[in-house]
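Below is one structure, written out as structure tokens, with a few remarks after it.
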Amino acid sequence: MRSSHQERTGRQTTDPSGRPQYADRVYRSTAGFISGAVLIVLALWLGGDAVIRGNGQTPWLALAALLMAIPLVAAFTVRPAVFAGAERIRIRNPFRTITMPWAAVDRIRSSYSTELFAGGRKFQLWSIPVSVRARKRAIKQTERARSGEEPFGVPGRRRTARPTQPATGGEEVRAWSDRAVAELNELSDQHEVAEGEPRPEPVIRWCYEVIAPAVAGAVLLIVLLTT
């Protein structure tokens with residue numbers, strides 16, 4: 001199973017000039033999404049059992065814990081995503097959503113984490129995790145493709161060309177996060193700011209629908225534990 005994926009949502013449309021326009025590319029972590037969903041289901045199962053069968057303060061403690069934990073789990077696992085459109089990028093992080101036109105983006109970098117730089121500010125892209133192991137595996141696959149070895153390193157055998165292989169000849173294999181960053185930078189390079197024009201500013205919106213219930217649950221839990 002792939003740890004992350006890219007998808008297109010919606011259908012192809014055309015702009016007033018008749019040129020094709022595609023729906024946003026969506027980048028998110030499949031492993032994070034699945035693990036978050038499993039944790040939420042498990043929390044609802046255990047918490048619901050405590051609410052139904054618990055005695056004394058136990059049902060209230062369970063409700064407070066669920067109210068605090070579920071928004072936080074969803075924020076860090078299910079919520080993160082990057083939506084890359086033709087004109088702008090929208091970054092949905094655990095507690096903030098950052099939207100900006102491509103002209104506002106200076107560059108996107110993938111080192112130990114994926115970061116976007118815009119006007120002297122730095123924003124992390126939570127939905128595009130960096131895997132050092134995946135990078136090392138991609139480097140090995142590139143070396144094997146160039147040397148003609150079998151995928152599992154069987155020496156002394158030349159493999160035949162396969163159309164499904166990620167690299168043939170001198171083509172470089174890259175980890176998913178590096179490919180995603182390259183695609184995003186390519187979109188950004190298509191929308192450079194003309195000299196003399198003001199650079200657009202990113203629009204930041206805090207995710208109060210996650211913050212408010214988590215804070216309320218934490219306060220309620222503290223009150224119940226101290227009374």
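Computed values, structure above
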| item | result |
| --- | --- |
| Selection count, region 54-84, where residues are surrounded by 18 or more Cβ atoms within 10 Å (Cβ to Cβ) and outside any helix (DSSP H, G or I) | 7 |
| Qualifying residues in region 182-227 (those that are of a type in the set (Ser, Thr, Tyr) and open to solvent by 70 Å² or more (accessible area, probe 1.4 Å)) - the one farthest from Pro59 (Cα to Cα) | Tyr208 |
| For His191: the one exception among (1) in a loop (DSSP other than H, G, I, E, B); (2) modelled with pLDDT of 90 or more | (2) |
| Some residue of region 41-51 being open to solvent by 40 Å² or more (accessible area, probe 1.4 Å) and under 29 Å from Arg133 (Cβ atoms) | yes |
| Qualifying residue in region 7-15 (condition: closer than 17 Å to Ile128 by Cβ, modelled with pLDDT under 95 and in a strand (DSSP E or B)) | yes |
| Every residue from region 197-214 that is in contact (Cβ under 8 Å) with a residue 12 or more places away in the chain and among the aliphatic types (A, V, I, L, M) | Val203, Ile204, Val210, Ile211, Ala214 |
| Selection status of Arg179, modelled with pLDDT of 70 or more, surrounded by 12 or more Cβ atoms within 10 Å (Cβ to Cβ), assigned to a loop (DSSP other than H, G, I, E, B) and not aliphatic (A, V, I, L, M) | no |
| Residue ranges of strands (runs of 3 or more DSSP E) in region 85-150 with at least 2 members modelled with pLDDT of 90 or more and buried (at least 18 other Cβ atoms within 10 Å of the Cβ) | 88-92, 96-101, 114-118 |
| So Val38, is it at pLDDT 95 or above and among the aliphatic types (A, V, I, L, M) | yes |
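Let's see how each residue does on (1) touching a residue at least 60 places away in the same chain (Cβ under 8 Å); (2) polar (S, T, N, Q):
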residue: Trp60; (1), (2): yes, no
residue: Pro80; (1), (2): no, no
residue: Ala86; (1), (2): yes, no
residue: Ser113; (1), (2): no, yes
residue: Gly119; (1), (2): yes, no
residue: Ile128; (1), (2): yes, no
residue: Arg133; (1), (2): no, no
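The values are calculated or read from the model by the stated rules, or taken from the named source; none is laboratory data. Given the structure is predicted, the values throughout are model-derived calculations rather than measurements. Positions of Cβ are backbone-derived with ideal geometry, glycine not excepted, and every protein chain shown enters the neighbour counts. For accessibility, only protein heavy atoms count, side chains too; no ligands or nucleic acids. Shrake-Rupley method; radii C 1.70, N 1.55, O 1.52, S 1.80 Å.
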